[in-house]
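Some notes on the structure that comes next.
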Amino acid sequence: MKPITITDGNFKREAPDSDRPAMLNLGNGEDLTQLAEENEVLILEFGSEACPPCRALRGRIDTWLTHHPGVAGRYVSIERYVEQSAQFGVLSTPTVLAYVKGSLVVSARGYFSLDLALERLERAMRIAFD
């Protein structure tokens, strides 16, 4: 596949040529609870532009998503979506939450291993869909 450059605000990345970018910014009017219910698998990253680890995690999650096309991903700016972040108990960044069939299966906050969080998500996906 020929890589394409996707620009999403200030974030640029190389992604395989596909129908959709991997990690999208949460859009105006999108409801996090509804997203978790409507998508078989959803990964959310809550972050801040002032947070270097958040930017690094976003790139790694984006790469992971390109290899898992059935998984929806949203980046949630805690500065822009203060109320929704608080409703999900997000008080610090980075925070990664993942849902399988509407149920929270991963909650990683602060200093954590993204590899372990993604392994837990993949295990939950195998259990739910096998």
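The values are calculated or read from the model by the stated rules, or taken from the named source; none is laboratory data. Everything quoted here is computed from the prediction, not taken from an experiment. Note that we place each Cβ from the backbone using ideal geometry, even for glycine, and neighbour counts take in every protein chain shown. What goes into the accessible areas is simple: the full protein's heavy atoms, side chains included, and nothing from ligands, DNA or RNA. Shrake-Rupley method; radii C 1.70, N 1.55, O 1.52, S 1.80 Å.
What number goes with the only condition from (1) at pLDDT 95 or above; (2) open to solvent by 80 Å² or more (accessible area, probe 1.4 Å); (3) part of a strand (DSSP E or B) that residue 5 does not pass?
Evaluating residue 5 over (1) at pLDDT 95 or above; (2) open to solvent by 80 Å² or more (accessible area, probe 1.4 Å); (3) part of a strand (DSSP E or B) leaves (1) as the failure.
Look through 60, 80 and report the one residue that is within 29 Å of residue 129 (Cα to Cα) and surrounded by fewer than 19 Cβ atoms within 10 Å (Cβ to Cβ).
Sole residue among the options that is within 29 Å of residue 129 (Cα to Cα) and surrounded by fewer than 19 Cβ atoms within 10 Å (Cβ to Cβ): 60.
Among the residues of segment 98-112, write down those that are assigned to a loop (DSSP other than H, G, I, E, B), under 16 Å from residue 41 (Cβ atoms) and open to solvent by less than 50 Å² (accessible area, probe 1.4 Å).
102
So which pairs qualify, if the first residue must be in segment 100-120 and aliphatic (A, V, I, L, M) and modelled with pLDDT of 95 or more, the second must be buried (at least 19 other Cβ atoms within 10 Å of the Cβ) and assigned to a strand (DSSP E or B), the Cβ gap must be under 6 Å, and the two must be at least 6 apart or on different chains?
Close Cβ pairs satisfying both conditions: 100/41; 105/98; 106/98; 108/96; 117/96; 117/106; 117/108.
Hey, among the residues in segment 17-57 that are in contact with a strand residue (DSSP E or B) (Cβ under 9 Å, 6 or more places away or on another chain) and β-branched (Val, Ile, Thr), which one's surrounded by the most Cβ atoms within 10 Å (Cβ to Cβ)?
43
Here's the yes/no breakdown for (1) touching a residue at least 12 places away in the same chain (Cβ under 8 Å); (2) assigned to a helix (DSSP H, G or I):
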{"position": "27", "(1), (2)": "no, no"}
{"position": "34", "(1), (2)": "no, yes"}
{"position": "43", "(1), (2)": "yes, no"}
{"position": "49", "(1), (2)": "yes, no"}
{"position": "58", "(1), (2)": "yes, yes"}
{"position": "68", "(1), (2)": "yes, no"}
{"position": "76", "(1), (2)": "yes, no"}
{"position": "79", "(1), (2)": "yes, no"}
{"position": "96", "(1), (2)": "yes, no"}
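Report yes if residue 115 is of a type in the set (D, E, K, R), surrounded by 21 or more Cβ atoms within 10 Å (Cβ to Cβ) and either in a loop (DSSP other than H, G, I, E, B) or within 14 Å of the chain's Cα centre (by Cα) (or both), otherwise no.
So residue 115 fails the test.
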